[in-house]
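First comes the structure, then the notes that go with it.
The values are calculated or read from the model by the stated rules, or taken from the named source; none is laboratory data. Every value quoted in this text rests on a predicted model; they were computed, and no experiment measured them. Backbone-built Cβ (ideal geometry, glycine too); neighbour counts: all protein chains shown. These area figures cover heavy atoms from the full protein model, side chains too; ligands, DNA and RNA do not enter into them. Shrake-Rupley method; radii C 1.70, N 1.55, O 1.52, S 1.80 Å.
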Amino acid sequence: MGTLGGAGLAAAAAGRARTLGMEGERRASQARSSGLPAGGADGESPGGGTPFPGSSGSSALLQAEVLDLDEDEDDLEVFSKDASLMDMNSFSPMMPTSPLSMINQIKFEDEPDLKDLFITVDEPESHVTTIETFVTYRIITKTSRGEFDSSEFEVRRRYQDFLWLKGKLEEAHPTLIIPPLPEKFMVKGMVERFNDDFIETRRKALHKFLNRIADHPTLTFNEDFKIFLTAQAWELSSHKKQGPGLLSRMGQTVRAVASSMRGVKNRPEEFMQMNNFIELFSQKINLIDKISQRIYKEEREYFDEMKEYGPVHILWSASEEDLVDILKDVASCIDRCCKATEKRMSGLAEALLPVVHEYVLYSEMLMGVMKRRDQIQAELDSKVEALTYKKADADLLPEEIGKLEDKVECANNALKADWERWKQNMQNDIKLAFTDMAEENIHYYEQVYNGGK
């Protein structure tokens with residue numbers, strides 16, 4: 001974009017800001033004349049969104065719960081009418097909007113979201129050797145990006161390769177929210193590691209894992225991710241050996257443990273709020289996951305029992321000449337209800353359970369992200385303390401402290417940006433999952449009410 005184009009966007013952004021300001025003043029004037037607070041009937045900012053900078057702190061953060069469950073698990077009233085866990089700005093610092101950010105916002109609104117990386121995980125294949133048994137998955141990548149040598153790639157990867165990729169992403173981006181992988185040995189409700197249901201469930205989860213990375217604005221350009229998608233098996237194995245040695249990894253682990261033992265003395269308030277959110281979210285989503293699994297189990301038991309009643313009524317009709325038609329109609333109705341119940345269970349297993357369980361894993365990932373952020377800050381705090389009490393070379397410490405301050409700032413900014421993005425995705429995913437499930441239930445009860453027709 002040229003100088004004139006940039007100036008035009010800046011002028012548009014400034015004009016937009018003035019328009020919002022005048023709109024806010026107009027609404028405030030109307031509110032005063034009607035005896036309402038300046039923010040509206042509910043104390044909100046103009047437009048019903050996040051309060052403008054300078055508004056009262058009480059309206060800046062709405063303290064409410066989205067996943068508001070009673071302690072009693074039998075109460076399945078999952079969502080309250082409040083929405084703080086979904087509030088996209090609950091933990092955003094109240095800072096004035098800069099002209100540059102407004103220009104970027106205008107640009108992003110005007111430009112279409114063009115996807116240039118498509119990944120498919122399919123065709124699981126079992127391998128049996130004298131040492132181990134494992135499953136590989138075919139990964140097809142299609143792209144129009146210039147940094148790729150070709151427009152299409154096909155490789156096979158096993159679960160250990162996915163674990164390696166996740167580790168490399170966490171190492172390169174310690175405070176970004178890396179998508180979770182499915183558990184290594186067992187998914188809830190499944191015992192046999194290599195049965196078809198388990199493999200298919202894992203395939204879907206691995207497919208989602210890679211596509212979430214592909215859709216991430218930073219992770220999608222990670223070099224290890226590119227190698228994972230394009231390198232042949234021997235090339236990937238060779239690349240893995242180029243990582244840090246055992247002693248280096250041990251040194252990093254020792255430093256991380258030492259930092260975690262020291263703890264963080266002055267964690268910024270916004271990260272305190274973020275940590276509280278994660279703890280609450282973890283409790284709620286784990287409870288929802290547990291309840292959802294229990295509902296599915298009870299539905300399965302109900303379905304298995306109901307299936308037996310159809311044949312029973314058919315046999316009964318053979319010995320009751322006067323009730324033949326009635327008993328056969330009952331058997332037919334039971335059969336149709338069984339099909340409707342089976343369809344509803346399929347919707348529960350495909351639409352709700354995987355989403356809820358993925359966010360259970362996300363809650364664990366978030367705790368890890370916060371711990372890594374705290375470790376970076378703890379390392380800075382220890383250096384500052386050493387300089388204060390002159391426990392080390394005073395000539396070298398200021399330079400180290402400067403580098404660590406930059407590192408902490410980068411880590412904090414990365415987490416804050418990714419945090420907002422993650423919350424938006426979480427809100428959309430959970431809302432869609434429960435909406436789809438509600439529609440499935442409505443359709444199910446309509447079918448049952450009409451005798452399964």
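Just name the residue that is modelled with the lowest pLDDT out of those in region 388-424 that are open to solvent by less than 60 Å² (accessible area, probe 1.4 Å) and over 20 Å from Glu170 (Cα atoms). Spell out how you get there, then give the answer.
Pass one, region 388-424, residues open to solvent by less than 60 Å² (accessible area, probe 1.4 Å): 392, 394, 397, 401-402, 404, 408, 411-412, 414-416, 418-420, 422-423.
Within this subset, residues satisfying the condition of being over 20 Å from Glu170 (Cα atoms) are 392, 394, 397, 401-402.
Numbers: Ala392: 54, Ala394: 59, Leu397: 67, Ile401: 78, Gly402: 82.
The selected residue is Ala392.
I'm told Gln160 meets every condition in (1) modelled with pLDDT of 95 or more; (2) open to solvent by 50 Å² or more (accessible area, probe 1.4 Å) except one. Can you identify the failing condition by its number?
(1)
Looking at region 244-295, which of the residues that are more than 16 Å from Val408 (Cβ to Cβ) and among the charged types (D, E, K, R) is modelled with the lowest pLDDT?
That would be Arg249.
Scan region 284-314 residue by residue and report those that are more than 22 Å from Arg344 (Cβ to Cβ) and surrounded by fewer than 12 Cβ atoms within 10 Å (Cβ to Cβ).
none
When the residues of region 120-149 are narrowed to those that are in contact (Cβ under 8 Å) with a residue 40 or more places away in the chain and part of a loop (DSSP other than H, G, I, E, B), which ends up least open to solvent (accessible area, probe 1.4 Å)? Full working, then the answer.
Pass one, region 120-149, residues in contact (Cβ under 8 Å) with a residue 40 or more places away in the chain: 120-122, 124, 126, 133, 135, 137, 139, 141, 147-149.
From what's left, part of a loop (DSSP other than H, G, I, E, B): 147-149.
Values: Glu147: 82, Phe148: 20, Asp149: 149 Å².
This residue is Phe148.
With the structure loaded, tell me whether Glu301 is modelled with pLDDT of 90 or more, under 19 Å from Tyr444 (Cβ atoms), among the acidic types (Asp, Glu) and part of a helix (DSSP H, G or I) or whether it fails that test. Before you say what the answer is, go through the steps one by one.
Working: modelled with pLDDT of 90 or more: yes; under 19 Å from Tyr444 (Cβ atoms): yes; among the acidic types (Asp, Glu): yes; part of a helix (DSSP H, G or I): yes.
Answer is yes for this residue.
Filtering region 163-173 down to residues that are touching a Lys or Arg at 6+ places or on another chain (Cβ under 9 Å) and closer than 22 Å to Thr201 by Cβ, which residue is least open to solvent (accessible area, probe 1.4 Å)?
Checked region 163-173; the qualifying residue least open to solvent (accessible area, probe 1.4 Å) is Leu165.
Just one of the numbered conditions (1) within 30 Å of Asp374 (Cβ to Cβ); (2) buried (at least 16 other Cβ atoms within 10 Å of the Cβ); (3) of a type in the set (S, T, N, Q) is not true of Gln273; which one?
Against the list (1) within 30 Å of Asp374 (Cβ to Cβ); (2) buried (at least 16 other Cβ atoms within 10 Å of the Cβ); (3) of a type in the set (S, T, N, Q), Gln273 comes up short only on (2).
For Ile213, which of the numbered conditions (1) within 23 Å of Tyr296 (Cβ to Cβ); (2) at pLDDT 95 or above fails to hold?
(1)
Does region 197-237 hold any residues that are in contact (Cβ under 8 Å) with a residue 60 or more places away in the chain, of a type in the set (S, T, N, Q), buried (at least 18 other Cβ atoms within 10 Å of the Cβ) and out of contact with any strand residue (DSSP E or B) (no Cβ under 6 Å at 6 or more places or on another chain), and which are they?
Within region 197-237, Thr201 is the sole residue that qualifies.
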